[in-house]
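Since the structure comes first, as C-alpha coordinates, the remarks are kept for the end.
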Amino acid sequence: MSEKEKLLNPDPGVCVPWQVKVDEIGEFPGNEEISKKEWEKLDDFAYNFIWFWAQR
(Lines give C-alpha, C1' and ligand atoms only; values in the text may rest on other atoms or scores of the structure.)
Protein backbone atom coordinates (compact mmCIF):
# COMPACT_ATOMS: atom_id res chain seq x y z
CA MET A 1 0.00 0.00 0.00
CA SER A 2 1.37 3.39 -0.97
CA GLU A 3 1.80 6.22 1.53
CA LYS A 4 -1.10 8.18 -0.01
CA GLU A 5 -3.42 5.16 0.23
CA LYS A 6 -2.37 4.64 3.84
CA LEU A 7 -3.29 8.25 4.69
CA LEU A 8 -6.67 7.90 2.98
CA ASN A 9 -7.35 4.57 4.74
CA PRO A 10 -5.85 5.01 8.22
CA ASP A 11 -5.14 2.19 10.62
CA PRO A 12 -7.95 1.00 12.89
CA GLY A 13 -8.36 3.34 15.83
CA VAL A 14 -7.41 6.46 13.86
CA CYS A 15 -9.75 9.07 12.37
CA VAL A 16 -7.24 11.57 10.99
CA PRO A 17 -3.56 10.57 11.01
CA TRP A 18 -1.02 13.04 12.38
CA GLN A 19 0.74 13.30 9.02
CA VAL A 20 -2.48 14.55 7.39
CA LYS A 21 -2.83 17.23 10.07
CA VAL A 22 0.79 18.35 9.63
CA ASP A 23 0.25 18.61 5.87
CA GLU A 24 -2.82 20.82 6.49
CA ILE A 25 -0.95 23.09 8.92
CA GLY A 26 2.20 23.42 6.85
CA GLU A 27 5.31 24.54 8.70
CA PHE A 28 4.74 23.64 12.32
CA PRO A 29 5.29 26.30 14.99
CA GLY A 30 6.48 24.99 18.35
CA ASN A 31 7.33 21.53 19.64
CA GLU A 32 5.87 19.03 17.20
CA GLU A 33 6.30 16.01 19.48
CA ILE A 34 4.08 17.49 22.21
CA SER A 35 1.41 18.43 19.69
CA LYS A 36 1.61 15.01 18.02
CA LYS A 37 1.10 13.25 21.34
CA GLU A 38 -1.91 15.43 22.21
CA TRP A 39 -3.39 15.07 18.70
CA GLU A 40 -3.15 11.30 18.90
CA LYS A 41 -4.92 11.30 22.30
CA LEU A 42 -7.70 13.53 20.94
CA ASP A 43 -8.02 11.45 17.79
CA ASP A 44 -8.23 8.26 19.85
CA PHE A 45 -11.00 9.78 21.97
CA ALA A 46 -12.93 10.84 18.85
CA TYR A 47 -12.58 7.37 17.31
CA ASN A 48 -13.82 5.66 20.46
CA PHE A 49 -16.70 8.12 20.84
CA ILE A 50 -17.88 7.48 17.28
CA TRP A 51 -17.41 3.73 17.68
CA PHE A 52 -19.45 3.72 20.91
CA TRP A 53 -22.38 5.57 19.33
CA ALA A 54 -22.29 3.50 16.14
CA GLN A 55 -22.58 0.28 18.18
CA ARG A 56 -25.65 1.38 20.13
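Structure summary
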item: Long-range neighbours under 9 Å by Cβ, at least six apart or interchain, first residue closer than 17 Å to W51 by Cβ and among the charged types (D, E, K, R) within segment 6-31, second surrounded by 14 or more Cβ atoms within 10 Å (Cβ to Cβ) and modelled with pLDDT of 85 or more; result: D11/P17
item: Subset of segment 23-42 (residues that are in contact with a helix residue (DSSP H, G or I) (Cβ under 8 Å, 6 or more places away or on another chain) and modelled with pLDDT of 90 or more); result: E32, K36, W39, E40
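The values are calculated or read from the model by the stated rules, or taken from the named source; none is laboratory data. Because the structure is predicted, anything quoted here is derived from the model rather than measured. No Cβ is skipped: glycine too gets one built from the backbone with ideal geometry, and neighbour counts run over all protein chains shown.
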